[in-house]
Structure formats: C-alpha cells, structure tokens
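Data first, discussion second: the structure below is written as structure tokens.
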Amino acid sequence: QVQLVESGGGLVQAGGSLRLSCAASGGTFSLYAMAWFRQAPGKERELVVYISRSGGDTSYTDSVKGRFTISRDNAKKTVYLQMNSLKPEDTAVYYCAGNLWRAGVRSQEYGYWGQGTQVTVSS
C-alpha cells in the first residue's frame with residue numbers, strides 16, 4: 001500500500017502561483033496512476049487532473065487547462081501540481097490520489113488519498 005502526503009498549499013493573491021507536492025511512501029510508486037482532486041466548501045470533490053504511471057498521459061479539467069501542469073518523478077516518488085494564474089475560484093482543499101495501474105476520472109476509482117492541503121486565492 002502507498003501512503004500519500006501533500007504539501008505546498010497556502011494563501012496567494014489572484015494571478016499568483018503555487019506548486020503542490022505529493023510524496024508517496026510504502027509502495028511501488030511507478031505502478032500507480034496519480035491524480036489531483038479538489039473540494040471547495042459546499043461542493044463535491046472534483047478531478048483537477050490525472051497522470052498515467054509513466055507520465056505520458058494526462059487529462060485536465062477544462063477550468064484549469066493552460067494554467068495548471070501536473071508532473072511526476074518516479075525516482076523521487078513524488079507528483080507535482082504547478083498552478084499558475086490562480087483565480088479565487090481555485091480556492092479549495094486539494095487532494096492527491098493514487099490508483100494501482102490505471103487512471104480514472106471518478107474519485108471512487110482511487111483507493112489511496114492524502115490528507116489534503118488548503119489552497120486559498122484572494123481577489
């Protein structure tokens with residue numbers, strides 16, 4: 001089993017940038033497809049982006065395309081989310097998630113989750 005720990009959240013002004021990191025331990029990281037989800041107050045958890053085991057396949061939700069970039073370093077067992085041009089509507093708790101073998105678009109498809117990191121974008 002893999003354990004996931006996010007870091008890098010915080011408070012930033014609109015237009016600013018943050019980089020989230022998700023460090024994995026306890027498993028063979030390269031076997032897991034990874035994703036970032038987010039959940040804003042009063043809203044359902046939504047997929048932001050996923051990345052395949054090799055990193056060769058990614059898929060972004062429309063609202064972050066061109067602003068966010070996911071990457072992974074299998075040697076470091078870490079997945080990253082670079083967030084640029086942040087908007088107040090990006091404010092949410094961001095969760096790292098992992099699934100053995102393949103990526104998916106639904107939260108139910110991911111068996112491993114981090115504790116979440118708060119991202120707050122002020123206007």
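Any chance region 58-78 includes a residue that's under 15 Å from TRP113 (Cβ atoms), charged (D, E, K, R) and without any contact (Cβ under 8 Å) to a residue 40 or more places away in the chain? Working first, answer last.
First, the residues of region 58-78 that are under 15 Å from TRP113 (Cβ atoms): none.
Looking for residues that are under 15 Å from TRP113 (Cβ atoms), charged (D, E, K, R) and without any contact (Cβ under 8 Å) to a residue 40 or more places away in the chain, one finds none in region 58-78, hence no.
Which one is farthest from TYR110 (Cα to Cα), of the residues in region 8-22 that are part of a strand (DSSP E or B) and in contact with a Gly (Cβ under 9 Å, 6 or more places away or on another chain)? Before the answer, list the steps.
Within region 8-22, the first condition is being part of a strand (DSSP E or B), and the residues that meet it are 10-13, 18-22.
Checking which are in contact with a Gly (Cβ under 9 Å, 6 or more places away or on another chain) leaves us with 18-22.
On the way: LEU18: 24, ARG19: 22, LEU20: 19, SER21: 18, CYS22: 15 Å.
The qualifying residue farthest from TYR110 (Cα to Cα) is LEU18.
If a residue has to be among the charged types (D, E, K, R) and either in contact with a Ser or Thr (Cβ under 8 Å, 6 or more places away or on another chain) or closer than 15 Å to ARG45 by Cα (or both) to count, how many in region 58-98 make the cut? It would help to see each step written out before you state the result.
Taking region 58-98 as the starting set, the residues that turn out to be among the charged types (D, E, K, R) are 62, 65, 67, 72-73, 76-77, 87, 89-90.
Filter again for either in contact with a Ser or Thr (Cβ under 8 Å, 6 or more places away or on another chain) or closer than 15 Å to ARG45 by Cα (or both), leaving 67, 72, 77, 89-90.
So the count comes out to 5.
Residues in region 102-121: is at least one of a type in the set (S, T, N, Q), open to solvent by 40 Å² or more (accessible area, probe 1.4 Å), over 16 Å from GLN13 (Cβ atoms) and within 10 Å of the chain's Cα centre (by Cα)?
no
Can you confirm whether TYR50 is hydroxyl-bearing (Ser, Thr, Tyr) and in contact (Cβ under 8 Å) with a residue 60 or more places away in the chain?
no
Could you tell me which residue of region 1-19 is farthest from LEU86 (Cα to Cα), considering only residues that are among the hydrophobic types (A, V, I, L, M, F, W, C) and at pLDDT 95 or above? Break it down into steps so the answer makes sense when it comes.
Pass one, region 1-19, residues among the hydrophobic types (A, V, I, L, M, F, W, C): 2, 4-5, 11-12, 14, 18.
Filter once more, so that each one left must be at pLDDT 95 or above: 4-5, 11-12, 14, 18.
Numbers: LEU4: 24, VAL5: 22, LEU11: 11, VAL12: 8, ALA14: 5, LEU18: 8 Å.
Checked region 1-19; the qualifying residue farthest from LEU86 (Cα to Cα) is LEU4.
Looking only at region 23-50, count every residue that is in a strand (DSSP E or B) and among the β-branched types (Val, Ile, Thr) and tell me the total.
Residues of region 23-50 that are in a strand (DSSP E or B), as a first pass: 23-25, 32-39, 46-50.
With among the β-branched types (Val, Ile, Thr) added as a condition, the list becomes 48-49.
Matching residues across region 23-50 total 2.
Every residue in region 18-52 that is small (Gly, Ala, Ser), touching a Ser or Thr at 6+ places or on another chain (Cβ under 9 Å) and over 20 Å from ASP62 (Cβ atoms), please. If you could, list the steps in order and put the result at the bottom.
Let us first name the residues in region 18-52 that are small (Gly, Ala, Ser), namely 21, 23-27, 30, 33, 35, 40, 42, 52.
With the extra rule that they be touching a Ser or Thr at 6+ places or on another chain (Cβ under 9 Å), the set shrinks to 21, 23-24, 30, 33, 35, 40, 52.
Correct list: SER21, ALA23, ALA24, SER30, ALA33.
This table checks each residue for (1) touching a strand residue (DSSP E or B) at 6+ places or on another chain (Cβ under 6 Å); (2) open to solvent by 10 Å² or more (accessible area, probe 1.4 Å); (3) modelled with pLDDT under 95; (4) on the phi > 0 side of the Ramachandran plot.
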site: SER21; (1), (2), (3), (4): yes, yes, no, no
site: SER25; (1), (2), (3), (4): yes, yes, no, no
site: ARG38; (1), (2), (3), (4): yes, yes, no, no
site: PRO41; (1), (2), (3), (4): no, yes, yes, no
site: TYR50; (1), (2), (3), (4): yes, yes, no, no
site: ARG67; (1), (2), (3), (4): no, yes, no, no
site: ASP73; (1), (2), (3), (4): no, yes, no, no
site: LEU86; (1), (2), (3), (4): yes, no, no, no
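Sort out for me the strands (runs of 3 or more DSSP E) sitting completely within region 51-122 that have 1 or more residues that are polar (S, T, N, Q) and within 13 Å of PHE29 (Cβ to Cβ). Step through it out loud before you land on a result.
Numbers: elements: 58-60, 68-73, 78-83, 92-100, 117-122.
In region 51-122, 78-83, 92-100 are the strands (runs of 3 or more DSSP E) which contain 1 or more residues that are polar (S, T, N, Q) and within 13 Å of PHE29 (Cβ to Cβ).
Could you grab me the full set of residues in region 9-57 that are more than 16 Å from GLN115 (Cα to Cα) and hydroxyl-bearing (Ser, Thr, Tyr)?
Hits for region 9-57 are SER17, THR28, SER30, TYR32, TYR50, SER52, SER54.
The values are calculated or read from the model by the stated rules, or taken from the named source; none is laboratory data. Since the model is a prediction, treat every value here as computed from it, not as a measurement. So basically every Cβ, Gly included, is an ideal-geometry build from the backbone, and we count neighbours across all protein chains shown. When the accessible area is computed, the model is the full protein with side chains, heavy atoms only, and any ligands, DNA or RNA have been set aside. Shrake-Rupley method; radii C 1.70, N 1.55, O 1.52, S 1.80 Å.
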